[in-house]
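Worksheet for the structure shown next.
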Amino acid sequence: MSTSTLDLISKIEVQIRFAPEKLENLEKIYSSVFPEFVKWPKGNTTVRLHKEKQFVCAYIQAKSLSEIRAALNTIHSWLYIAARILGENV
């Protein structure tokens, strides 16, 4: 019986950082996306949002690659839409 390396993974952690072109948009992007994070955790996925210097950061913790992928896609969409509404070139 063979065990895949992926079967041995018990936790995956990812952090993404988003830097707006205009620093004054940082707080607006953070504030517009933050309410969506109140709905987490979803299943085995936990997401935390915070500001770090000129970045909006999302820390994601999950138990599978598919959960990480789903969270990354969702977070990317939220940040992208907020930035585009504020006139950012993303």
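Readers should treat all values here as calculations from the given coordinates under stated rules, not as data from a laboratory. Keep in mind it's a predicted model, so treat the numbers as computed, not measured. No Cβ is skipped: glycine too gets one built from the backbone with ideal geometry, and neighbour counts run over all protein chains shown.
Of all residues in the stretch 65-85, those satisfying the criterion of being under 17 Å from residue 38 (Cβ atoms) and in contact with a strand residue (DSSP E or B) (Cβ under 6 Å, 6 or more places away or on another chain) are 71, 75, 79.
Would you mind stating whether residue 61 is touching a residue at least 40 places away in the same chain (Cβ under 8 Å) and among the polar types (S, T, N, Q)?
On the way: touching a residue at least 40 places away in the same chain (Cβ under 8 Å): yes; among the polar types (S, T, N, Q): yes.
Yes.
Tell me which residues, restricted to the stretch 23-49, are surrounded by 13 or more Cβ atoms within 10 Å (Cβ to Cβ) and either assigned to a helix (DSSP H, G or I) or touching a residue at least 40 places away in the same chain (Cβ under 8 Å) (or both). Correct list: 25, 26, 28, 29, 30, 32, 33, 34, 36, 37. Among the residues of the stretch 67-90, those that are aliphatic (A, V, I, L, M) and either within 12 Å of the chain's Cα centre (by Cα) or surrounded by 18 or more Cβ atoms within 10 Å (Cβ to Cβ) (or both) comprise 68, 70, 71, 72, 75, 79, 82, 83.
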